[in-house]
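Below you'll find the structure, written out as structure tokens, and then a few comments.
The values are calculated or read from the model by the stated rules, or taken from the named source; none is laboratory data. Everything numeric here is computed off the predicted structure, so don't read it as measured data. Please note: Cβ atoms are built from the backbone with ideal geometry, for glycine as well, and neighbour counts cover all protein chains shown. Ligands, DNA and RNA are excluded from the accessible area calculation, which covers all protein heavy atoms including side chains. Shrake-Rupley method; radii C 1.70, N 1.55, O 1.52, S 1.80 Å.
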Amino acid sequence: MANTVKLLVAGYESSGKSTVTSKVENALVINFDKKEYGFSVPHANFKKYEGIDSVIDFINEKISSYKEKFGKFPDFIVLDTITQLYAAMTKYNAVKYSNFKIHEQNNIDTLELNNYIENVLIANGVSVIVVAHTVVDPDSGRHIIPAQGQFAKAGSWLSIVNDAIFIEKSSGKLIVYFKSFKYPARSTLKELPEKVDMDKFDINEYICQLLASKTEAEEYVL
């Protein structure tokens, strides 16, 4: 199986997440935001949530369209933003179900999506980049990715990836965090600094480092 990455790109709204991920080479962006995607790269605008199968079927269809147009499958699927998708999912389930069944279905759908990411996309050599909005948790002061139930307690979308970057802009300029306790950022790369100015960050170079590191690690798998 080809080496792949699962990478989380998180930050406040309008912090440059889509700008950064639009630069990923050989990628197909699945746009879940309620506005048209604003970058001239291969993308598909998901319009109407009708259960998690509607999302999976849409992604599969657009992957096929990508192959027809470019003669190969995309190397990356960018889910932009996963938080808008999660909001559409929870809203849909709140209308369709009642009481505890709402939360149960949210958990089922979240697990199904994560299963698709891991056992279909990743398993077939397609890397996944998850883009997410964050909010500040009033109790801890940490930046978190909104979710519900056990999934929220487990760390939300941070829990399904090994590597995550956070784009911070409150200091007056954009900063990319690779490691942090305050922000949802962590990396399997040991030699990285805690943070770097955005103008010095190349997401394709970073992805290459992640892939190379994974190749080295797999040499020790028994």
- Task: Tell me which residues, restricted to the range 90-130, are surrounded by 19 or more Cβ atoms within 10 Å (Cβ to Cβ) and without any contact (Cβ under 8 Å) to a residue 24 or more places away in the chain.
- Result: ASN93, GLN105
- Message: I want to confirm something. Restricting to the range 5-27 and keeping residues that are out of contact with any Asp or Glu (no Cβ under 9 Å at 6 or more places or on another chain) and not charged (D, E, K, R), which single residue is surrounded by the fewest Cβ atoms within 10 Å (Cβ to Cβ)?
- Response: SER14
- Message: As an exercise: evaluate TYR206 against (1) closer than 18 Å to ALA10 by Cα; (2) of a type outside the set (Asp, Glu); (3) modelled with pLDDT under 90 and give the number of the one condition it does not meet.
- Response: (3)
- How many residues does the range 161-210 hold that are surrounded by 15 or more Cβ atoms within 10 Å (Cβ to Cβ) and assigned to a helix (DSSP H, G or I)? 6
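Conditions (1) under 16 Å from the mean Cα position of the chain (by Cα); (2) charged (D, E, K, R), marked per residue:
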{"site": "VAL41", "(1), (2)": "no, no"}
{"site": "LYS48", "(1), (2)": "no, yes"}
{"site": "GLY51", "(1), (2)": "no, no"}
{"site": "VAL55", "(1), (2)": "yes, no"}
{"site": "GLU61", "(1), (2)": "no, yes"}
{"site": "TYR66", "(1), (2)": "no, no"}
{"site": "VAL78", "(1), (2)": "yes, no"}
{"site": "TYR86", "(1), (2)": "yes, no"}
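Across the range 28-46, which residue is farthest from ALA164 (Cα to Cα) among those that are of a type in the set (A, V, I, L, M, F, W, C) and either open to solvent by 20 Å² or more (accessible area, probe 1.4 Å) or modelled with pLDDT under 95 (or both)?
Of the range 28-46, the ones of a type in the set (A, V, I, L, M, F, W, C) are 28-30, 32, 39, 41, 44, 46.
Cutting the leftovers down to either open to solvent by 20 Å² or more (accessible area, probe 1.4 Å) or modelled with pLDDT under 95 (or both) gives us 39, 41, 46.
Details: PHE39: 22, VAL41: 23, PHE46: 24 Å.
Restricting to residues being of a type in the set (A, V, I, L, M, F, W, C) and either open to solvent by 20 Å² or more (accessible area, probe 1.4 Å) or modelled with pLDDT under 95 (or both), the top hit is PHE46.
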- Query: Which members of the range 138-159 meet the condition of being touching a Leu at 6+ places or on another chain (Cβ under 8 Å) and either open to solvent by 30 Å² or more (accessible area, probe 1.4 Å) or farther than 16 Å from LEU8 by Cβ (or both)?
  - Reply: LEU158
